[in-house]
Amino acid sequence: MQIIPVIDVLNGSAVRAVRGERSRYQPVESQLCSGSDPVDIAQALLDYSAASVLYVADLDGIMRRAPQRDTLARLAHALPGIELWLDAGFTHPTAADTLITSLHEVGAKLTPVFGSESLRSDAASDVHADRSSLPSASPGRTVLPGRTPPRLPEDAILSLDRRHDTPLGDPLYWTDTANWPARLIVMTLERVGSFDGPDLTALADVRRRAGKRQIIGAGGVRHTDDLRAAAAAGADAWLIASALHDRRIPAASI
């Protein structure tokens, strides 16, 4: 099981997730290092987990504000050779192009993550839409005739986001498996930063339909037994932050 450490950045600081309720996020307090500087936190997570990939959630971008380009550039400069999986609330592949291109110019090794919660079927969507305000996140939403989700870049990662058993975003992102990219994240938002255990039911459902694609779970991991259970359910990797900050997963076991 591959562990991929996660850093959430908000207003230039690393913050700690609380059940996916972003209004409750506060500067992180970690047993791995002091302070909440994103570079320090990222380096501590990578050192502890011996990882070569870091998942970065740009909460400013996700919540309809300007993306934190300077913070992202600092991370790229400080972490040469580390692959950054970046979720900045991209609403459409074209919405990611400008930010991704500018960061590539400063040497960043970036892979865009497109969350179903943020993605819009309309190519004319706002570049950074607030996930919490999108009509596509409403339960029971139906797809308008003629609407089709945009095809994602080949190297992109699709995050299948859900909250309280409700898939978020255009239902086609969940059902049109033929257009799924090679890597998928199964993100259960209310379990992020919760220590409630991983959502193995959702993970197993996607695994069953995903064929040979790589499946990455997110949310709820408490200890190494959870990782073993997730692997048995079909996960190839798991996104983790809180359990690393609290040393619930011993470094020797990673």
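The values are calculated or read from the model by the stated rules, or taken from the named source; none is laboratory data. The structure presented is a predicted model; accordingly, all values stated were derived computationally and were not measured. Cβ: placed from backbone, ideal geometry, glycine included. Neighbour counts: every protein chain shown.
Restricting attention to region 205-240, the residues being assigned to a strand (DSSP E or B) and not aromatic (F, W, Y) number 8. For region 234-246, enumerate the residues that are at pLDDT 95 or above, surrounded by 21 or more Cβ atoms within 10 Å (Cβ to Cβ) and of a type in the set (G, A, S). Across region 234-246, the qualifying residues are A235, A237. Hey, does region 160-179 have a residue that's farther than 27 Å from R69 by Cα and either at pLDDT below 75 or of a type in the set (F, W, Y) (or both)? Among the residues of region 160-179, at least one is farther than 27 Å from R69 by Cα and either at pLDDT below 75 or of a type in the set (F, W, Y) (or both), which makes the answer yes. With the structure loaded, tell me whether G146 is modelled with pLDDT of 85 or more, in a loop (DSSP other than H, G, I, E, B), small (G, A, S) and farther than 21 Å from A66 by Cα or whether it fails that test. Judged against the criteria, G146 is not a match. Restricting attention to region 98-120, the residues that are buried (at least 21 other Cβ atoms within 10 Å of the Cβ) and among the polar types (S, T, N, Q) add up to 2.
Can you tell me which residues in region 2-46 are part of a helix (DSSP H, G or I), more than 18 Å from the chain's Cα centre (by Cα) and among the small types (G, A, S)? The answer is A44, and nothing else. The condition of being at pLDDT below 90 and either in contact with a Phe, Trp or Tyr (Cβ under 8 Å, 6 or more places away or on another chain) or surrounded by fewer than 21 Cβ atoms within 10 Å (Cβ to Cβ) (or both) holds for only one of A123, A95, that being A123.
None of A229, A251 is more than 18 Å from Y55 (Cβ to Cβ), touching a Phe, Trp or Tyr at 6+ places or on another chain (Cβ under 8 Å) and surrounded by fewer than 18 Cβ atoms within 10 Å (Cβ to Cβ) except A251.
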